[in-house]
1. What are the residue pairs meeting all of these: first residue in segment 1-14, first residue modelled with pLDDT under 80 and surrounded by fewer than 16 Cβ atoms within 10 Å (Cβ to Cβ), second residue assigned to a loop (DSSP other than H, G, I, E, B) and among the β-branched types (V, I, T), Cβ atoms under 8 Å, and 6 or more apart or on different chains?
2. Can you name the residue in segment 52-73 that is closer than 13 Å to R31 by Cα and small (G, A, S) and is also surrounded by the most Cβ atoms within 10 Å (Cβ to Cβ) among such residues?
3. Could you list, in sequence order, the residues of segment 60-83 that are more than 26 Å from R39 (Cα to Cα), modelled with pLDDT of 80 or more and among the hydrophobic types (A, V, I, L, M, F, W, C)?
Amino acid sequence: MEMTAERFHAEARRRRGERRRGAAPYSSEQRAFAVAYARTWQRQGRSVTASASALGISDPTLREWMAKSTATPGTALRSVVVKAAPAAPSAGLTLVTPSGYRVRGLDVASAAALLRVVG
């Protein structure tokens, strides 16, 4: 059976049961429907907040589901650019940390040892 906004509400009420407080456990089918519903509304020029309200869920919850639906687990890669180092006046390697610190004049063994220490 195809999910509709009415079925979404009925299923949420059924899953919530007698609980008065706390989040309702939404099925993966409901989450996928809510994301598709919100994206359809966005293409029509409506806001995510409006679609969340229509579905009876919070705006942050719907936005989180939307963000997770576009992310592919295990593929969060960082871009790395490898460039040839210009001829430096000092001999040795230069280690640049992710936070921007530079350590110059290292030999390969010293750079490897430093990398083991700083991670």
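1. That search, which allows pairs on different chains as well, returns nothing.
2. Here the residue is A52.
3. Correct list: V81, V82.
The values are calculated or read from the model by the stated rules, or taken from the named source; none is laboratory data. All figures in this text were calculated on a predicted structure; none of them were measured in a lab. Cβ atoms come from the backbone with ideal geometry, glycine included; neighbour counts cover every protein chain shown.
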